[in-house]
Amino acid sequence: MAIIKTILILFSILLLGGCGQEPVVKIYPEAKHADIRCLGLDIYPMDENMREYLSSLYGFDPACKTVLLVRHKEDICCNSSHNAFRRGVSGLPENYLRIEVREGLTPLYSYYIDLDRKADDGDLKRAFYRLKSDLGLK
């Protein structure tokens, strides 16, 4: 009986603490050999404010084969019944920001964070400076 209680407690902790405000970052092995000299920019869905802000941080080159992909989603509504408990107790994130660097189809870098609000300039700045630091981008 004690084992079942322990398992239920551990499961509850994992269930309720699963979505944090810390980004999940992955640097792919191919990034070690990549010589990133420029970046293109692709935002989906297009957000002019995000484009302008990111352009103020870096001089993007539309002809560059290495691309910074920015994906964001707002007002996510999860109607799945298996998330009912979690949504009622701890809430599910309604927004996310995902930034990837790809050279052609090859992924080099990924940054993902769940947000409880729309991604703003501060989120973009933290993500982009983290990317620059992780990849040694100038």
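Values quoted throughout were computed directly from the atomic coordinates according to the rules given, and no laboratory measurement underlies them. Because the structure is a prediction, the values reported are computed rather than measured. Methodologically, a virtual Cβ is constructed for each residue, glycine included, from the backbone with ideal geometry; neighbour enumeration extends over all protein chains shown.
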Here the FRET efficiency for Arg130 versus Cys38, based on Cβ atoms and R0 = 25 Å and rounded to 0.05, is 0.85
Whole-Hz ³J(HN,Hα) for each residue in segment 56-67, computed from phi via Karplus 6.51 cos²θ - 1.76 cosθ + 1.60 with θ = phi - 60°, x for glycine and proline: what do you get? 6, 8, 7, x, 6, 10, x, 8, 6, 7, 9, 10
In whole Hz, with x marking every Gly and Pro, tabulate ³J(HN,Hα) for segment 106-114 from phi via Karplus 6.51 cos²θ - 1.76 cosθ + 1.60, θ = phi - 60°. 8, x, 10, 7, 9, 9, 9, 9, 7
Quick one: 3J(HN,Hα) in Hz for segment 33-42, Karplus 6.51/-1.76/1.60 with θ = phi - 60°, rounded, Gly and Pro as x. 9, 7, 10, 7, 9, 7, 9, x, 10, 9
I'd like the FRET efficiency for Thr106 and Ile3, computed as 1/(1 + (r/R0)^6) with the beta carbon distance as r and R0 of 35 Å, rounded to 0.05. 0.15
